[in-house]
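S.K.: Okay, here's the structure, questions in a sec.
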Amino acid sequence: MGNWIINNGLSALTLVVWMGINIFLFVYFYFRYDLRDEFYYTRHILGAALAWARAPAAVLNFNCLLILLPVCRNLLSLLRGSFMCCGRSMRKQLDKNITFHKLVAYMIGLMTAVHTVAHLLNMEWFKNSRRALYDELSTALSSLDDTDNGTYLNPIRSVSATPTLVVFTTIAGITGVIITLALILIITSSMEVIRRSYFEVFWYTHHLFIIFFAGLVIHGAGRIVRSQTTTNPPHNHTFCKNRPQDWGKIKECPIPQFAGGFPQTWMWVIGPMILYLCERVLRFIRYMQTVRYRKIVIRPSKVLELQLVKAGFKMEVGQYVFINVPSISQLEWHPFTMTSAPEEDFFSVHIRSVGDWTEKLISMVEQLPEGAQGPKMAVDGPFGTASEDVFDYEVSMLVGAGIGVTPFASILKSIWYKFKESNPMLRTRKIYFYWLCRETHAFEWFADLLQVLEREMEERGMGNFLTYKLFLTGWDHSHTAHVMVHFDEDKDVVTGLKQKTHYGRPNWDREFEQISKENPTSVVGTFLCGPAALAKTLEKHCISYSDVDPRKIQFYFNKENF
């Protein structure tokens with residue numbers, strides 16, 4: 001349990017606080033509408049469906065306040081910089097912004113479903129009450145009209161009106177339909193299979209959030225849920241509820257008056273909407289700034305390397321940028337981790353061909369004349385990630401899968417520069433680097449950097465500073481035979497490095513045991529850029545191999561999230 005707290009304690013606390021606020025809001029507003037006197041007559045017609053409609057609305061307001069904040073990239077980068085003095089655990093929460101965004105979205109979806117079903121039932125009760133299918137009191141309440149002496153309670157104003165007519169002819173009804181449809185499209189297009197196979201569908205439907213928020217702000221203006229207002233003399237429902245025939249005829253029972261509640265949703269969401277608007281303005285400003293190509297290289301395995309220059313651009317290790325190519329799409333921005341080091345006078349990205357957008361970009365570049373500038377490009381960023389903290393640990397464990405090695409290219413390059421300049425600020429004393437690839441060609445573009453580092457460490461007598469292991473997870477029989485023939489050579493036949501390539505997947509228990517044995521009292525930062533299945537495995541091992549005693553080895557798990 002203690003090991004779990006080390007890696008997940010603050011995340012769990014954040015989740016508990018968030019869920020606690022949701023539960024509090026639901027319970028508070030449920031009992032408010034279920035017990036308070038001003039809703040007595042409304043409850044008489046609608047029953048428990050009134051509280052079941054209003055309680056989810058309060059939870060929706062809270063979560064709609066939160067939903068935009070995790071995707072304000074510049075705000076998160078600002079907060080990450082502000083928390084540099086507050087410890088890695090606080091900053092680690094910012095790296096889980098997309099996970100939190102999804103949790104909030106699930107809550108919005110659930111509460112929207114409950115809210116919608118409850119209001120559909122309410123419309124049915126209103127209709128039946130208007131048609132005098134219930135008791136005398138319900139009929140009397142539904143018959144109230146806007147007059148000098150009273151106001152209506154039932155939004156269905158005639159016997160012939162249907163709930164469908166009310167839904168499509170009232171502000172609350174029309175906006176409710178619009179925001180529900182928008183939400184359904186947003187959530188369904190966010191499914192993993194659609195997002196990975198049809199990213200453009202996900203991207204464009206996600207921008208329906210503009211319609212969703214516009215409808216949400218207007219929705220409450222319909223004031224479809226009405227409560228009893230104070231009259232002079234007061235209408236005492238305890239005395240008058242059994243005397244509807246005497247309403248307006250005796251002093252004790254004036255005609256009850258009702259009014260819709262003041263719209264409150266806009267007060268919940270106006271702040272985040274302004275923040276997000278500022279975010280988009282800043283992105284537009286960056287969109288207009290000129291980006292120049294320094295170098296364009298097509299690497300093996302259809303990996304495109306772009307070396308770019310932009311005025312005033314400053315980065316840290318492991319950060320990422322969003323790239324837009326207007327000739328492909330004016331609206332699509334895609335995240336790419338930078339592979340350059342902060343010490344270099346340019347920034348670079350490596351782009352693998354996956355999906356329509358990347359395929360079009362690589363195809364455009366392949367058709368360029370030699371030495372020509374690439375297509376017009378806009379760059380937004382840089383933005384912080386977990387990898388920024390790699391030098392805060394005395395021991396770092398870096399795990400990359402496929403193109404997921406890109407953030408570690410930046411880190412390893414920066415280390416090379418720091419050693420070259422004898423930087424005294426380098427706190428890290430040991431790095432373990434693991435790279436898992438399916439194809440041998442994928443190693444080629446990165447092997448040059450490892451060869452330079454390998455030579456640099458040996459020349460400085462620090463051969464033990466960097467331990468790296470490359471794992472080839474896919475190969476055929478002809479490759480195996482070639483490796484066996486050249487096995488006794490000093491350098492690996494795949495990479496040209498002294499460290500031989502491993503075949504198959506790592507035995508993570510053996511790797512963690514080795515790191516624990518070599519660093520018994522260290523704090524080890526474990527960084528992953530790779531698939532979710534590998535993340536679960538590594539996080540589990542970080543928990544298992546962390547010692548409860550804070551003076552002994554601790555593993556802190558960090559994952560890149562886009």
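S.K.: When you look at PRO233, is it within 22 Å of ARG54 (Cβ to Cβ), part of a loop (DSSP other than H, G, I, E, B) and either open to solvent by 70 Å² or more (accessible area, probe 1.4 Å) or not hydroxyl-bearing (Ser, Thr, Tyr) (or both), yes or no?
M.R.: Taking the combined requirement at face value, the residue does not satisfy it.
S.K.: Pick from segment 196-227 the residues that are of a type in the set (D, E, K, R) and open to solvent by less than 50 Å² (accessible area, probe 1.4 Å): which of them is modelled with the highest pLDDT?
M.R.: Taking the candidates together, the pick is ARG226.
S.K.: Test each condition in (1) at pLDDT below 85; (2) out of contact with any Asp or Glu (no Cβ under 8 Å at 6 or more places or on another chain); (3) not polar (S, T, N, Q) for ILE298 and report the one that comes out false.
M.R.: (2)
S.K.: I would also like to ask the following. Of (1) open to solvent by less than 40 Å² (accessible area, probe 1.4 Å); (2) outside any loop (DSSP other than H, G, I, E, B), SER340 satisfies all except one. Which?
M.R.: (2)
S.K.: List pairs: first residue in segment 322-338 and at positive phi, second residue crowded, with 18+ Cβ neighbours inside 10 Å and in a strand (DSSP E or B) anywhere in the structure, Cβ distance under 7 angstrom, at least six positions apart or on different chains.
M.R.: none
S.K.: Just one of (1) open to solvent by 50 Å² or more (accessible area, probe 1.4 Å); (2) modelled with pLDDT of 90 or more trips up CYS253, so point out which.
M.R.: For CYS253, the failing item is (1).
S.K.: Right, something else. Is it the case, given these coordinates, that LEU153 is under 21 Å from ALA48 (Cβ atoms) and either open to solvent by less than 50 Å² (accessible area, probe 1.4 Å) or out of contact with any helix residue (DSSP H, G or I) (no Cβ under 8 Å at 6 or more places or on another chain) (or both)?
M.R.: yes
S.K.: Given (1) over 33 Å from the mean Cα position of the chain (by Cα); (2) at pLDDT 80 or above; (3) surrounded by 16 or more Cβ atoms within 10 Å (Cβ to Cβ), identify the lone condition not met by ARG510.
M.R.: Failing condition for ARG510: (3).
S.K.: Does ILE184 satisfy the condition of being open to solvent by 70 Å² or more (accessible area, probe 1.4 Å), among the hydrophobic types (A, V, I, L, M, F, W, C) and without any contact (Cβ under 8 Å) to a residue 12 or more places away in the chain?
M.R.: Criteria met by ILE184.
S.K.: What pairs can you find where one residue is in segment 157-179 and at positive phi and open to solvent by 20 Å² or more (accessible area, probe 1.4 Å), the other is assigned to a loop (DSSP other than H, G, I, E, B) and among the aliphatic types (A, V, I, L, M), and their Cβ atoms are less than 9 Å apart, with a gap of 6+ or different chains?
M.R.: none
S.K.: Name the residue that is modelled with the lowest pLDDT, counting only residues in segment 435-446 that are open to solvent by less than 10 Å² (accessible area, probe 1.4 Å) and more than 11 Å from GLY404 (Cβ to Cβ).
M.R.: Per the criteria, the residue is PHE443.
The values are calculated or read from the model by the stated rules, or taken from the named source; none is laboratory data. Please read these numbers as outputs of a predicted model, since none were measured by experiment. Reconstructed Cβ throughout: ideal geometry from the backbone, glycine too, with neighbour counts over all protein chains shown. To get the accessible areas, we keep the full protein, side chains included, count just its heavy atoms, and leave off ligands, DNA and RNA. Shrake-Rupley method; radii C 1.70, N 1.55, O 1.52, S 1.80 Å.
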